[in-house]
Amino acid sequence: MTQRIQVLTRYFFRRLVFSFSGLIYMILALAFWAVLFPPTQQTPDIAYYVIVIGAFGAAISFLSTLSIASRANEAENYPVIVRLPGRIEYLTAVLVSALLFTLILQLLVALLALFRGPVLTTGRFLELPPLWLSVNITFATLALHATDFVTAGWSRVNIYGILAILLFGQSNSAPASNWLAGQMANLSRFFNAHGWPSIAQYASRAATWFATRGPDSLREFFGVVFWPFRAMSEGSLVGRFQPVQALAPAVLLLYASILFLLAADFFANKDLDFTE
Amino acid sequence: MIKITNVTKQFYSLTAIDNLSLRLPQGEVLGILGPNGAGKTTLLKLIAGILHPTSGSIQPISGNWPRIGYKPERLLFPNHLTITRYLELVALVSNVPTNRVARSIRHSLQQTGLETMAHRKIKECSKGMRQRLAMAQALIGNPDLLLLDEPSSGLDPHGQAEINQLIRNLHQSGKTILISSHRLREITEVCTYLVILNHGRILYENSMASALAARAQTIIETDKDLSPIQDALLTLHEDIQIDGNKLYLRNEAMRLRRQALVMLLHAGYDVTHVEQRRKTLAEIYAEAVQ
């Protein structure tokens, strides 16, 4: 199993590296470094270094997973996938090759950014692998669900729909809460008018709750999924992680595991319709 | 080797395979014939595990699931690789031990006549060479079951004969092979078992030897049109057919050859020619599909 995954990983990795997309990603990485870490300017902050290169890794892992998955989804691979005892090996190879490609570009930018860049102490250096890798892995597994390669039925719409709702709910909690407060107030008036004062009272309380504590509670509710990202960026900005914040990479890896298991299930049970 | 039980495969409203059951015994070369859209490629993809049945099951008859070598109909390859590199990829993915990969590649190249082109890039290969390469990759790793979709299309007559010989050799070495093809001659030459498929259903299945032997016919040619005594002749057997001055006796009706001849002579006909021949695969196919 390990040999087969290694062989396929090497194959997909080479396909991306020696392709036009691979060249574009390389140019993108250098442009990113030149724009965000210009060597002619003053030394950037270490927190800036950790967060910006972490975000770069997230973007590249997402994009490179899409690129490799589209190559893995070509009809020329039918004879190869037929030979595998399980499709999960194929999917693992796609994920690992994308992560490997991301890691190389991220290391390149990270090393270049150290040129007239921040002083990286051993303590801060040891923070980097769990922070960057957990983000990369999460974004790569998320990207798998965006591809035709893995998606089955409405799975893509469901996963990205839930994500969009959570993002929307988090950033628009105040208007949403005010709207809900208005609806509850209307409901309260309706029940009062129809002679149900006890139910009207519950609706009135709910309207008050939405008007006062609603925005914060809704933001917390919708934003709970994004807590690891907040915790990691806060810890990086402060320069030290609270015990709870230190769990953030592990939580992200848990998300990644769930997303990968879902992807593996979709991929194993779908009809392969590779592009010709 | 493989047992297909009540398999149906639907793509939205289209039923590609319709409640099909079939046994693929060890060591047989099973040929699947059928018009375009009959479900041949879908059946191969179902066995290869590329598609999943909507209902029904595909299971090994005994023991483990066989190792499969699959040659798709479309000749698509990673064009940037050389032939050797591609075969190496397939070999390593097929669990061929690292120290045997080179030998396995050499063997499959020899079998398919590609040994002089081993280091050529796939994008430089002609259609015939790509067809051979598709066969070569299917043979890598000595799979138990070969699924060959149109194995000799695009090859010149010499190439077709070579591939047919290769399939015969593989059969002799005990391989189980499933071939989907439009080429009746190819099926006749290499297959030991015949399945005719249309609209996802099996219309006819038999061992090739039985199919060609059991379906013999006698043709009696006379000097005059047989219409005047048609009714009398047809009372002899339902498998009698009349076409102008020719009388066809098929299957069981062949036993009545003597009676038919006597009837013709009594009626004043002169028998000009009597021929006994086996039905060709083309006739079996046409009959089944019609």
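In terms of its Cα atoms, chain A spans 74, 54, 31 Å along the principal axes, sorted from long to short. Think of a 1.4 Å ball rolled over the protein heavy atoms: the protein assembly as shown then has 49 Å² of accessible area per residue. When the alpha-carbon atoms of the stretch B:1-91 are used, the pair Rg, Dmax equals 15.3, 43 angstrom. The mean number of Cβ atoms from other chains found within 10 Å of a Cβ in peptide B:68-80 is 4, as a whole number. On full extension, the segment bounded by residue B:19 and residue B:107 gains 27.7 nm, given 0.36 nm per residue less the C-alpha separation. The Kirkwood radius of the stretch B:215-289, taken over pairs of alpha-carbon atoms, gives through the Stokes-Einstein law at 10 °C and 1.306 mPa s a diffusion coefficient of 126 µm² s⁻¹. For chain B, the 222 nm mean residue ellipticity estimated from helices alone, with every DSSP H stretch of n ≥ 4 adding -39500 (n - 2.57) and the total spread over all residues, rounds to -10000 deg cm²/dmol.
When the convex hull of its Cα atoms is viewed from all sides, the stretch A:154-240 shows a mean projected area of 8.1 nm².
With a 1.4 Å probe and all protein chains left in place, how much of the accessible area of the stretch B:169-239 comes from carbon and sulfur atoms, in whole percent? Heavy-atom surface of the stretch B:169-239 belonging to carbon and sulfur, 1.4 Å probe: 48 percent.
Convex hull volume per residue, computed on the Cα atoms of the stretch A:84-168, equals 136 Å³.
The eigenvalues of the Cα gyration tensor, multiplied by 5 and square-rooted, give the protein assembly as shown an equivalent ellipsoid with semi-axes of 66, 35, 17 Å from largest to smallest. Centre-to-centre, using Cα atoms only, the stretch B:251-282 and the stretch A:88-146 are separated by 83 Å. The count of lysine pairs in the protein assembly as shown that are at least 8 places apart or cross chains, and whose C-alpha atoms lie under 23 Å apart, stands at 24. Considering every Cα-Cα pair within the stretch B:2-212, what fraction, in whole percent, is farther apart than 32 Å? Here the tail beyond 32 Å accounts for 16 percent of pairs. Based on the convex hull around the alpha carbon atoms, the stretch B:128-201 presents an average projected area of 5.2 nm². Placing +1 on the Cβ of every Lys and Arg and -1 on the Cβ of every Asp and Glu, with nothing else charged, gives chain B a dipole about its Cα centre of roughly 1380 debye. Here is the interface size for B with A: some 2200 Å² of accessible area buried, both sides summed, with a 1.4 Å probe.
Going from the isolated chain to the complete set of protein chains, the stretch A:46-82 loses at least 50 Å² of heavy-atom accessible area (1.4 Å probe) at A:76, A:78, A:79, A:80, A:82.
Largest GNM mean-square fluctuation across A:69, A:181, A:113, computed for chain A with C-alpha springs under 10 Å, falls on A:181. Computing the accessible area with a 1.4 Å probe over protein heavy atoms, can you report the carbon and sulfur percentage for the stretch B:242-290? With neighbouring chains kept in place, the figure for the stretch B:242-290 is 46 percent.
The alpha carbon centroids of the stretch A:1-15 and the stretch B:79-116 are separated by 16 Å.
Look at the stretch A:249-256: the mean tally of other chain Cβ atoms within 10 Å of its residues' Cβ atoms is 0.
The values are calculated or read from the model by the stated rules, or taken from the named source; none is laboratory data. Predicted, not measured: the structure shown is a model, and the values here were computed from it. Every residue, glycine among them, receives a Cβ derived from its backbone with ideal geometry; neighbour counts consider all protein chains shown. What goes into the accessible areas is simple: the full protein's heavy atoms, side chains included, and nothing from ligands, DNA or RNA. Shrake-Rupley method; radii C 1.70, N 1.55, O 1.52, S 1.80 Å.
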